[in-house]
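The values are calculated or read from the model by the stated rules, or taken from the named source; none is laboratory data. Computed from a predicted model, the values in this text were never measured in an experiment. Cβ placement follows ideal geometry from the backbone for every residue including glycine, while neighbour counts extend to all protein chains displayed. For the accessible areas, the whole protein counts, side chains as well, though only heavy atoms, and no ligand, DNA or RNA atoms are used. Shrake-Rupley method; radii C 1.70, N 1.55, O 1.52, S 1.80 Å.
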Amino acid sequence: MSITEQRVPAFAGRVDDEQASVYRKVSWRLLPFLGVLWVLAWLDRVNIGFAKLQMLDTLHFSEAVYGLGAGIFFLGYFLFEVPSNMLLQRIGAKKTIMRITICWGVICMLQTHVSSPTQFYVLRFLLGAFEAGFYPGVILYLTYWYPSQRRARAFGTFMSASAIAGVLGGPIAGWIMTSMGGLAGMHGWQWLFVLEGVPSVLAGVVAWFYMTDRPEHAHWLTDDEKRVVLDALRRDDAAMGERGHDWRAVFVNRNVWMLIAIFFCLLCANSTLTFWIPTIIKDDGFATPMAIGWIAAAAYLCGAIGMIANGAHSDRRNEVRWHFSGAALAGGVSMAVLAALLGAKALPPAAALLAMTVSLVGTMSAIPVFWQLPNRYLTGGAAAVGVALINSVSNLAGFGAPYVMGLIKNATGKVDAGLYVVAAIEILAAVLVLVCIRRLGNPQEN
């Protein structure tokens, strides 16, 4: 072996070590703050599931009214996500994230004054409209910083904040609704909206001063560290080959519409669990908001671990299809088991809670891995529009699934029939990835 051949591996090792060191610094700078914002967004989005335990009796709303109000959030999402991501591409992330965060916090607080179904629907729609763009915006933003071989872990770490929100949100909601009811003449569910809306407004102001739009603008990186990040991104872009750049072509791209179908199926399950977990726990025999909150917290803690672990393992193995499909299959099958247990009521409550937790872990663990797929087909402006289009259209599942569950609960008094349908849809997501992604010509098939 020549001296040159001996030096190449050592040189490559030094480059890898240098890149790993720089990306640790990048991750500690970006991901905790983005995670905090996602926790706040998630709390303000899903606290309605806990408020429901009291507000339906106070306001005399039916289960169907709740289901429509919970789901109509996603109509606002659908209409405004693509414009928001196009604006982010033009004006930068920190201006976009500041606007989004402040506005959703204000709308969350205004829900305190709801007194009719129409007001409920309007404010839930506006909450979705103002939050639209945050999630796909962060997905796009992270592609400005991380090469593809590092993204699943970054996505998983960021997205696990939704599970952490579940861990924190349940006990917090239970405590607020139990201990603050009657204070200043307000119900516990009203205090929930106020106390979870204020931090979002404050965080939006912090975003303006803290966030950095692009690596080349990062004053907290040295010139050499900026070079490492930019070189990694350039090499990754070259390795990915030719992809779509024209955002107008996204709307007729069959790969994009297949990804929309897959994510739609997954989000049917995710939205059902998000908005109905408190009700599922209550139907399993646990009555108090505090008990429901702690049980939900334990389930979401497992979900957070699953998201991070599955994303990290996907990166290490450089494999996406089976990491997505395995998680989605686990989620769908466990949801069907949950439906059977709730319908039969023949086993101890712990059995249903275990099935619910496994379903939540499987469903949530598939999400960060999924977001590895769009950037294999799209880049530049097409990626900005494509990511938003995939998320916005797919999130219509968040409108339909909770509403249908509410109708079924109204008609039957139970949720198990709806859970069977959603379980089948989630299993379909796993099948579509295994059958169709290779057929669509994934350039890095694994």
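State which residue is least open to solvent (accessible area, probe 1.4 Å) when the search covers only region 345-365 and only residues that are of a type in the set (Gly, Ala, Ser), modelled with pLDDT of 75 or more and more than 22 Å from the chain's Cα centre (by Cα).
In this case the residue turns out to be Ala352.
Counting only residues that are among the hydrophobic types (A, V, I, L, M, F, W, C), surrounded by 13 or more Cβ atoms within 10 Å (Cβ to Cβ) and modelled with pLDDT under 90, how many does region 16-34 have?
0
Restricting attention to region 266-278, does a residue exist that is open to solvent by 50 Å² or more (accessible area, probe 1.4 Å) and assigned to a helix (DSSP H, G or I)?
No, that holds for no residue.
How about region 114-125: which of its residues are without any contact (Cβ under 8 Å) to a residue 40 or more places away in the chain and open to solvent by 60 Å² or more (accessible area, probe 1.4 Å)?
Thr118, Gln119, Val122, listed by residue number.
Given the criterion assigned to a helix (DSSP H, G or I), in contact (Cβ under 8 Å) with a residue 60 or more places away in the chain and surrounded by fewer than 21 Cβ atoms within 10 Å (Cβ to Cβ), identify the matching residue among Asp237, Asp213, Asp231.
When all the criteria are applied, what remains is Asp237.
Quickly run through region 419-446 and pick out the residues that are loosely packed, with under 13 Cβ neighbours inside 10 Å and modelled with pLDDT of 80 or more.
Correct list: Val435 only.
Being without any contact (Cβ under 8 Å) to a residue 40 or more places away in the chain, open to solvent by less than 30 Å² (accessible area, probe 1.4 Å) and over 25 Å from the mean Cα position of the chain (by Cα) is the filter here, so list the residues in region 170-191 that pass it.
Met180
What do you reckon, is Leu37 open to solvent by less than 60 Å² (accessible area, probe 1.4 Å) and either modelled with pLDDT of 85 or more or among the hydrophobic types (A, V, I, L, M, F, W, C) (or both)?
Against the criterion (open to solvent by less than 60 Å² (accessible area, probe 1.4 Å) and either modelled with pLDDT of 85 or more or among the hydrophobic types (A, V, I, L, M, F, W, C) (or both)), Leu37 qualifies.
Within region 42-78, can you find the residues that are of a type in the set (A, V, I, L, M, F, W, C), in contact (Cβ under 8 Å) with a residue 60 or more places away in the chain and either under 15 Å from Phe125 (Cβ atoms) or outside any helix (DSSP H, G or I) (or both)?
Correct list: Ile48, Val65, Leu68, Ala70, Ile72, Phe73, Phe74, Leu75, Phe78.
Sort out which residues of region 366-418 are closer than 22 Å to Ala340 by Cα, open to solvent by 20 Å² or more (accessible area, probe 1.4 Å) and in a helix (DSSP H, G or I), and write them in order of number.
Tyr403, Val404, Leu407, Ile408, Lys409, Asn410, Ala411, Thr412, Asp416, Ala417
So how many residues does region 69-121 have that are over 29 Å from Trp145 (Cβ atoms) and touching a Pro at 6+ places or on another chain (Cβ under 8 Å)?
3
Somewhere in region 323-335, is a residue of a type outside the set (A, V, I, L, M), assigned to a helix (DSSP H, G or I), surrounded by 16 or more Cβ atoms within 10 Å (Cβ to Cβ) and at pLDDT below 90?
no
Only one of Gly204, Gly166, Gly197, Gly133 is more than 23 Å from Val65 (Cα to Cα), open to solvent by less than 50 Å² (accessible area, probe 1.4 Å) and touching an Asp or Glu at 6+ places or on another chain (Cβ under 9 Å). Can you tell me which?
Every option except Gly133 fails the conditions.
Please enumerate the residues belonging to region 41-58 that are open to solvent by less than 10 Å² (accessible area, probe 1.4 Å) and charged (D, E, K, R).
Asp44 - this is the single residue of region 41-58 that is open to solvent by less than 10 Å² (accessible area, probe 1.4 Å) and charged (D, E, K, R).
Those residues that are touching a Leu at 6+ places or on another chain (Cβ under 9 Å) and open to solvent by less than 10 Å² (accessible area, probe 1.4 Å), I need them from region 297-314; list them, please.
Ala297, Ala299, Gly303
Give the residues of region 146-196 that are farther than 30 Å from Ala366 by Cβ and in contact with a Cys (Cβ under 8 Å, 6 or more places away or on another chain), sorted by residue number.
Phe193 - this is the single residue of region 146-196 that is farther than 30 Å from Ala366 by Cβ and in contact with a Cys (Cβ under 8 Å, 6 or more places away or on another chain).
Considering only residues that are open to solvent by 10 Å² or more (accessible area, probe 1.4 Å) and closer than 30 Å to Gly182 by Cα, look in region 70-106 and name the one that is modelled with the lowest pLDDT.
Ranking the qualifying residues of region 70-106, first place goes to Ile72.
Give Ala384, Ala388, Ala401, Ala366 a once-over and let me know the one that is in contact with a Ser or Thr (Cβ under 6 Å, 6 or more places away or on another chain) and under 30 Å from Ala129 (Cα atoms).
Ala401
Among all residue pairs at least 6 apart or on different chains, which show Cβ distances below 6 Å where the first residue, located in region 391-413, is without any contact (Cβ under 8 Å) to a residue 60 or more places away in the chain and the second is part of a helix (DSSP H, G or I) and hydroxyl-bearing (Ser, Thr, Tyr)?
Pairs that qualify, where the first residue is without any contact (Cβ under 8 Å) to a residue 60 or more places away in the chain and the partner is part of a helix (DSSP H, G or I) and hydroxyl-bearing (Ser, Thr, Tyr): there are none.
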